[in-house]
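Starting off with a structure, shown below.
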Amino acid sequence: MTQKHLMSSVGIARWFLWGMLFFSITPVIAQMPAPPAIAAKSYLLIDVTAGQTLAASEIDSAMEPASLTKLMAAYLVFDALKAQKISLTQTLPVSERAWKMPGSRMFISPAMKVPVEDLIKGMIVQSGNDAVVALAEGVAGSVEHFVELMNQQAKVLGMKSTVYKNPEGLTAPGHTTSARDLGALAQRLLQDFPLYTGYYALKNYHYPGTPTANDANRNLLLFRDPTVDGLKTGHTLAAGYCLIATSKKMVPNLGPQQTAGTRRLLAVVLGAKSESARADEAQKLLNWGYTAFEAVKLFEAGQPIVTVKPWKSSEAELPIGRPQAVVVAVPTGMSSKIKTQVSRPDPVFAPLAKYQSLGQLRVSIDQQALVDIPLVTLKEAPLAGVFGRAWDALRLWVQ
């Protein structure tokens, strides 16, 4: 590994938020395998494990999300569960508004009080517009306030092309998103709420006392591919047929020690022509991602990638790395050509907090940049005493 020092006497970059560490990896243009032809208005394939985009088309174009809108609704519901504002066993009333919702439903009625967990299953498996309205009213007091929270959360997650007008995804003026935003939302949903995302793998669901004609998950890949465990479908006349599909595989040779690991891919397909087409195109992307690219673990979680001297600190050395394992996706058969280079400020001055941003790791193949991975301090570097700081100041002055 080579190390390039970027000379700067300016202060260190500010903190990275913990939740954004994984998703702030920056892809860099390199010679990549060509993706297959995808029959959709927009598509995106992400290696979630590596945090890299493997294929993309029209990912910033404004698209109607249809029932993919319910991913953000679920994010807020899961967040309310995590914060113990509601519970899975708590029952919620079914308002007239929820009961009269058009489109796909789980067919609940005002005579029912439905447990939150059943409403979640109805929202996800049956794509119930009635279920999501009942949840919105239960979490936020009203649909309108819930939609405000959805838009606020979209801003927090950096979804710059997304505006929500309702929680269910029916066509409304200005209700738009993009493949890039949906990919970011799906990744955060998986990362932030692993306790609840298992609902997306359910193939069937039926609430007692309701019709059984709508109990099958519309994600056909759940029935075709055992590696697929989510995530959500959507369809309106304006949006076309949409699907976000997630797949998880065990990788036998992940890392220098040839240890097994899990690799997850995520495909976003928007504007396909039919229910079967969106499944076929998503499957095509997932299959290509697993065969055209391989995952390589470069460093374990918390492993120092480089060690620096923090000037004016009581610590003699400061390790820099990532709190997560550093995994990259490279074209199949090219792992032996990986080169890495660390760029960081120099000199580095205390005080430095743990997990403070400090430089980046560039991964290249055949001198073509593949990905830039931000690095952080793996422990804090507090200020030294008066004499220690004075001594370091003198040493820097005479250099």
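The values are calculated or read from the model by the stated rules, or taken from the named source; none is laboratory data. On a predicted model such as this, the values are computed, not experimentally measured, just so you know. Neighbour counts run over all protein chains shown; Cβ positions are idealised from the backbone, glycine included. For accessibility, only protein heavy atoms count, side chains too; no ligands or nucleic acids. Shrake-Rupley method; radii C 1.70, N 1.55, O 1.52, S 1.80 Å.
Compute the relative contact order of the stretch 51-134 as a whole-number percentage, counting only Cα pairs closer than 8 Å that sit 6 or more residues apart in sequence.
28
Enumerate the amide H contacts of Q303 below 5 Å, restricted to partners 5 or more residues apart or on another chain; note that Pro and chain-start residues carry no placed amide H.
Amide H neighbours of Q303: R322.
Return the subset of K160/K309; K165/K273; K85/K379; K232/K273; K113/K155 for which the Cα-Cα distance in this structure is over 28 Å, preserving the input order.
Distance filter (> 28 Å) returns K160/K309; K85/K379; K113/K155.
Please give the solvent-accessible surface of M159 in Å², to the nearest 10, using a probe radius of 1.4 Å with every protein chain present.
10
Which order do you get for D346, D130, D79, D366 if you rank them by accessible area with a 1.4 Å probe, largest at the top?
If we order D346, D130, D79, D366 from most to least accessible, we get D366, D79, D346, D130.
Another question about this same structure. What number comes out for accessible area per residue over the stretch 332-399 if the probe is 1.4 Å? Units Å², please.
Spelled out: the 1.4 Å probe surface of the stretch 332-399, per residue, equals 52 Å².
On to the next question. Please enumerate, by chain and number, the aspartates and glutamates with C-alpha under 15 Å from the C-alpha of K354, excluding those fewer than 8 residues away in the same chain.
List returned: E315, E317, E380.
With Cβ to Cβ distances under 12 Å as the rule, what net charge do the other residues near A277 carry (K, R +1; D, E -1)?
Neighbourhood net charge equals +1.
Let me ask another. Charges on Cβ only, +1 for Lys and Arg, -1 for Asp and Glu, centred on the Cα centroid of the stretch 37-173; of M159, V143, S57, which one is farthest towards the dipole's positive end?
Working it through, the farthest residue towards the positive pole turns out to be V143.
Here is a follow-up. For the stretch 94-191, max minus min Cα coordinate along each principal axis, in Å, sorted largest first?
Projected onto its principal axes, the Cα set of the stretch 94-191 covers 40, 29, 23 Å.
Can you work out ³J(HN,Hα) from phi for every residue in the stretch 305-312, in order, using Karplus 6.51 cos²θ - 1.76 cosθ + 1.60 and θ = phi - 60°, giving whole Hz and x for Gly and Pro?
Running phi through 6.51 cos²θ - 1.76 cosθ + 1.60 with θ = phi - 60° gives 8, 8, 10, 10, 8, x, 5, 6 Hz.
Right, here's the next one. Can you compute the charge dipole magnitude of the chain about its Cα centre, using +1 on each Lys and Arg Cβ and -1 on each Asp and Glu Cβ, nothing else charged? Give it in debye, rounded to the nearest 20.
Magnitude of the dipole: close to 600 debye.
Another one. Per residue of the stretch 231-245, in order, report the coupling 6.51 cos²θ - 1.76 cosθ + 1.60 (Karplus, θ = phi - 60°) as ³J(HN,Hα) in whole Hz, putting x for Gly and Pro.
Here the 3J(HN,Hα) series is 10, 6, 10, x, 7, 9, 4, 6, 7, x, 9, 10, 7, 10, 10 Hz.
When the convex hull of the Cα atoms of the stretch 98-150 is projected onto a plane and the area is averaged over all directions, what value comes out in nm²?
3.4
Taking the Cα centre of each part, how many Å lie between the stretch 307-343 and the stretch 113-146?
Each part's Cα centre sits 44 Å from the other's.
If you take every residue apart from T69 with its C-beta less than 11 Å away from the C-beta of T69, what net charge results, scoring Lys and Arg +1 and Asp and Glu -1?
Taking every other residue near T69 into account, the sum is +1.
In debye to the nearest 20, how big a dipole does the stretch 124-241 give about its Cα centre with +1 on each Lys and Arg Cβ and -1 on each Asp and Glu Cβ?
Dipole magnitude for the stretch 124-241 comes out near 380 debye.
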